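First comes the structure, then the notes that go with it.
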Amino acid sequence: MTVIRWILGKIILLLNAVFSPRGIKRTQEQQASVDTKAQSLALYQFEACPFCVKVRRAMKRQSVQIELKDAKSNPQHRQELEQGGGRVKVPCLRIERNGEIEWMYESSDIVNYLEKEFA
């Protein structure tokens, strides 16, 4: 089963690289505003997870740079996800607003949030 997951993961990453979406074109001021807003976000993810790829593609379409935290390979990121969000499930978007932290787990919810916040 591990070999099959590894092979499928590599196929997913290859297809994502070949069919990478284009991002929104913004003025420098607009992009600077988006970049500032994105500094309060972090995406906990696994590199080859299809749902994580879905979220990263949405980020690319919205031209938003969110810090990526690999919860599979990095024990510190995994621990942050488990302690903060309550479970190790990816993708998970960490949103910090007004000193409060929200953990958003479902890929469709994360994509909708990105489209609403950065469109």
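The values are calculated or read from the model by the stated rules, or taken from the named source; none is laboratory data. Computed from a prediction, not measured in an experiment: that's the story for all the values here. Backbone-built Cβ (ideal geometry, glycine too); neighbour counts: all protein chains shown. For accessibility, only protein heavy atoms count, side chains too; no ligands or nucleic acids. Shrake-Rupley method; radii C 1.70, N 1.55, O 1.52, S 1.80 Å.
Using a 4.7 Å Cβ-Cβ cutoff, the cysteines of the chain lacking any partner cysteine are Cys92. Using only side-chain charges placed at the Cβ, +1 for Lys and Arg and -1 for Asp and Glu, the dipole size of the chain relative to its Cα centre rounds to 540 debye. The portion of the accessible surface of the chain made up by carbon and sulfur, rounded to a whole percent, is 52 (1.4 Å probe; DNA, RNA and ligands excluded). In percent, rounded to a whole number, the relative contact order of the chain is 26, using alpha-carbon pairs under 8 Å and six or more apart. A crude spin-label estimate for the pair Phe46 and Glu67, with each label 7 Å from Cα along the Cβ direction, gives 2.3 nm. With the largest listed first and rounded to whole Å, the semi-axes of the equivalent ellipsoid of region 74-119 from the Cα gyration tensor are 20, 13, 8. Peptides 12-21, 63-72 ranked from most to least packed, by the mean per-residue count of other Cβ atoms within 10 Å: 63-72, 12-21.
Just the number, please: percent antiparallel of the DSSP beta bridges in the chain, rounded to the nearest 5. Walk me through the numbers before you get to the answer.
On the way: 9 of 13 bridges.
So the antiparallel bridges in the chain amount to around 70 percent.
Per-residue ellipticity at 222 nm computed for the chain from its helices equals -16500 deg cm²/dmol, with DSSP H segments shorter than 4 residues left out and the rest contributing -39,500 (n - 2.57). The Rg/Rh ratio of the chain, with Rg taken over Cα atoms and Rh as the Kirkwood radius over Cα pairs, comes to 0.98.
Each peptide in 87-94, 74-81 gets a packing score, the mean of other Cβ atoms within 10 Å over its residues, and the list from highest to lowest is 87-94, 74-81.
For region 26-53 versus region 65-119, the spacing of their alpha-carbon centroids is 11 Å. At a probe radius of 1.4 angstrom, the accessible area of the chain per residue rounds to 66 square angstrom.
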